[in-house]
1. Pick from region 105-133 the residues that are part of a loop (DSSP other than H, G, I, E, B) and more than 18 Å from the chain's Cα centre (by Cα): which of them is modelled with the lowest pLDDT?
2. What number of residues within region 95-122 are without any contact (Cβ under 8 Å) to a residue 24 or more places away in the chain and closer than 17 Å to Ala59 by Cβ?
3. Could you list all residues from region 13-47 that are within 13 Å of the ligand (Cβ to nearest atom) and small (Gly, Ala, Ser)?
4. Only one of Ile93, Ile72 is modelled with pLDDT of 95 or more and aliphatic (A, V, I, L, M). Can you tell me which?
5. Could you check how many residues of region 48-69 are within 13 Å of the chain's Cα centre (by Cα) and more than 16 Å from the ligand (Cβ to nearest atom)?
6. For the list (1) in a helix (DSSP H, G or I); (2) of a type in the set (Gly, Ala, Ser); (3) surrounded by 14 or more Cβ atoms within 10 Å (Cβ to Cβ), I need the number of the one condition that Ala50 fails.
Amino acid sequence: MGVPSGEIVARPMIARACGCLQEFQHYAVDKYREQRKAKFQKTRCPACVAKLVEEQRRAATLPKKGEAFKAIPAGTQITMTRKADGTWSGTLIGDGTTVEAVGEGPQGLSLALARGWLLARGAGKESAPAPAPTPAPSPAPAKPAAAPIAKAMPATKPTPAAKPK
Ligand SMILES: [Zn+2]
């Protein structure tokens with residue numbers, strides 16, 4: 001049997017694939033210690049595995065390239081600037097929402113901006129902290145006769161957001 005048994009005789013700290021040092025247990029009886037150790041060194045620690053899984057889950061929710069560019073609204077403007085160190089910084093303004101990003105090149109940057117806009121407008125809601133509520137403007141004194149739009153509708157209807165597929 002390859003199952004180690006007996007007492008743990010040593011607990012050296014060994015670096016795993018992710019770079020974290022973790023305790024590796026040497027059992028008194030363990031025919032396959034070298035194999036176990038090799039596997040231990042080739043794999044990530046549980047914390048880093050969890051982090052990786054979470055990153056992959058998040059990446060999977062980001063829109064793909066084609067979808068991201070299709071989903072941003074008409075009239076969207078992107079400004080990109082090449083900086084002295086060769087990296088790029090950019091700003092995207094779409095439908096009143098401005099996002100900024102930096103990137104290695106204009107192509108990746110434009111995608112990052114488009115994704116950033118989509119996250120800002122929807123997908124990121126769950127994790128983004130709620131913005132501080134802007135103080136409501138003090139109600140203007142009612143002047144029915146003077147106000148040019150005295151018969152304002154109760155509330156301006158929000159334009160329906162693009163439905164996510
Ligand atoms: Zn780790």
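1. Pass one, region 105-133, residues part of a loop (DSSP other than H, G, I, E, B): 105, 122, 127-133.
Checking which are more than 18 Å from the chain's Cα centre (by Cα) leaves us with 105, 132-133.
Numbers: Gly105: 92, Ala132: 51, Pro133: 54.
Ranking the candidates gives Ala132 first.
2. Looking only at that region, the number is 4.
3. Passing the criteria: Ala15, Ala17, Gly19, Ala47.
4. Details: Ile72 fails: modelled with pLDDT of 95 or more.
Exactly one residue qualifies, and that residue is Ile93.
5. The number of residues fulfilling the criteria is 7.
6. Single failed check for Ala50: (3).
The values are calculated or read from the model by the stated rules, or taken from the named source; none is laboratory data. For clarity, every value in this text was computed on a predicted model and none was experimentally measured. Cβ: placed from backbone, ideal geometry, glycine included. Neighbour counts: every protein chain shown.
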